[in-house]
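First up is the structure itself, then whatever we jot down about it.
The values are calculated or read from the model by the stated rules, or taken from the named source; none is laboratory data. Computed from a predicted model, the values in this text were never measured in an experiment. A quick note on method: Cβ atoms are made from the backbone with ideal geometry, for glycine too, and the neighbour counts reach across all protein chains shown. Keep in mind that these areas ignore ligands, DNA and RNA; they rest on the heavy atoms of the full protein, side chains included. Shrake-Rupley method; radii C 1.70, N 1.55, O 1.52, S 1.80 Å.
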Amino acid sequence: MDFDLVVIGAGPVGGLVAGAVAEKGYRVALVEEHREVGEPVQCGGLITPRVFDLVPGRETIVNEVHGAEIFGPAQQRMRIDAHRTEAVVVDRAKFDQAIVRHALKRGVKSFLGAKAVAGRYADGGVEVVVDRDGKQDRLTGKMLVGADGVQSVVAKWFKILRPKYILPGFEVEMTGVAGDPGFVKLFVGHEVAPGFFGWIIPSGEDSGRVGLCVREGNAFAYLEKMMRWGPVAEFVKRAQPLLYIAGGIPIGFPRRTYADRVMIVGDAACQVKGTSGGGIYSGLRCAAHCANTALEALAKDDFSSRQMRRYHKAWSGTVGKELRKDLAIFESFASLTDRQMDDLFEIFNQPEMVRIIEEHGDIDFPSKVGWRLLREEPRLLKYTGKALRAMVPRIGG
Ligand SMILES: Cc1cc2nc3c(=O)[nH]c(=O)nc-3n(C[C@H](O)[C@H](O)[C@H](O)COP(=O)(O)OP(=O)(O)OC[C@H]3O[C@@H](n4cnc5c(N)ncnc54)[C@H](O)[C@@H]3O)c2cc1C
């Protein structure tokens, strides 16, 4: 029960960190409260293929997407077709399982059905108490990684601040969904999903994940209402629900994602894009930084907060740059009225603007296309004050 590293949370991010450290011969424990990795699913499973540069699991792809149909508050429609695979949809439970299986092959010891209930410094290291069917065990480690998702207990134990926003989300997996399975459908407007947006992520020929996130309020009630809203109702009129999913999306990362002997990563550290709520790619990139710092710390036998800070600097200086801009775009977008969104729709829905998005849009780096769009259409300036200020360092660079 004594390890070099204890990782809490066997999601994709915890799986990557655990596997990368165990691969170098260190003793790693991976603690997961559920008995089955990946269950229950709390995700739409839409990622870019570049995720597979970081983790295995390509075989869990169930659909490929090459564009989006976006519906505005007045039910106006805009179609973006990149004519290439822009994103893929995975079976999220199997995707997580593939990553964790890979980690186990590298020597990670897993504790499934084990809920971490307490964590503290003890005996010159870190101690975690896990509860398995009412029986408590004590794991100790030189270091602790909290990859324990949006409600991170590790962040709470070690007094690391929580996200600026947690957006409630709800999603239902359905069969009998109409529409082109090569296109994600997005729905914006205060009637549908105030402060964020709704979606249909096609997961096969006639199946899809119909969901939304809102700035605040009862996401389920909004989802029920969205299903009756014109364009959505058309897509789901013959659909049957298979599975309901609820979850929160953390937006706005804390100033510090570490403490002595401790790092938090993934949703626990709010490493999520404010523009889409997607956290798999950004979380995995940060997980690679986290694993590097852990390996460095183990090699040097230095677990001080100063050493752990290297992780924070590494990810916030790379992935964090995009996340900061995405947060600003999210905040600008959330404050728009439906009337302003209608205006924006008109601006975006011009052939040259659509062409720029089709050619240069990238869901992992949504801010990148921003400059080109602004150059093409200065009317955008009116709506992008905060987002623009966050992007200004790019002008200098
Ligand atoms: C409705 C919805 C749709 C989404 N759609 C997408 C999408 O299409 N694409 C995308 O990129 N992202 C999406 N996301 C975000 C994505 O799901 C997360 O960013 C991603 O799962 C983060 O991975 P993680 O490993 O950090 O955390 P998680 O996947 O949340 O894993 C954390 C793990 O820690 C475990 N855990 C928590 N507490 C404890 C404890 N005390 N003891 C033991 N184990 C514990 C949990 O059981 C869980 O297995 C969506 C989120 C929501 C809510």
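Using only the Cα atoms of the chain, what semi-axes does the equivalent ellipsoid have when each is the square root of 5 times a gyration tensor eigenvalue? Give whole Å, largest first.
Whole-Å semi-axes of the equivalent ellipsoid: 37, 24, 18.
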* Structure fact -> Expected field for Lys164, accessible surface area in Å² at 1.4 Å probe radius, rounded to 10, holds 120
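What does the net charge come to around Gln97 if you take all other residues with beta carbon closer than 12 Å to its beta carbon, with K and R at +1 and D and E at -1? Intermediate values should be presented prior to the final figure.
Values: positive: Arg92, Lys94, Arg101; negative: Glu32, Glu36, Glu39, Glu59, Asp91, Asp96.
Charge balance near Gln97 sits at -3.
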* Would you mind calculating the gained length between His83 and Gln350 on full extension (0.36 nm times residue separation, minus the Cα-Cα distance), in nm to one decimal? => 94.3 nm
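Taking a threshold of 19 Å on the Cα-Cα distance, which of the pairs Lys273/Lys368; Lys325/Lys382; Lys109/Lys159 fall above it?
Numbers: Lys273/Lys368 13 Å; Lys325/Lys382 17 Å; Lys109/Lys159 27 Å.
Distance filter (> 19 Å) returns Lys109/Lys159.
Take each of the peptides 65-72, 357-364, average the number of other beta-carbon atoms within 10 Å over its residues, and list them starting from the highest. Kindly include the intermediate steps, with their values, before the conclusion.
Numbers: 65-72: 20.8, 357-364: 17.1.
With the highest mean Cβ count within 10 Å placed first, the list reads 65-72, 357-364.
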* On Cα atoms only, tilt of 338-348 relative to the major axis of the chain in degrees -> 80
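Just flag the trypsin sites (Lys or Arg not before Pro) in the range 204-242 sitting in loop per DSSP whose Cβ has no more than 10 other Cβ atoms within 10 Å.
Working: sites: Arg209, Arg215, Lys225, Arg228, Lys237, Arg238; in loops: Arg215, Arg228, Lys237, Arg238.
Here the trypsin sites (Lys or Arg not before Pro) that fit, given the DSSP loop and packing criteria, are Arg228.
Roll a 1.4 angstrom probe over the protein heavy atoms and tell me the percent of accessible area of the chain that is carbon or sulfur. Present the calculation step by step, with values, prior to reporting the outcome.
Numbers: 8730 of 17220 Å².
The nonpolar share, carbon plus sulfur, comes to 51 percent.
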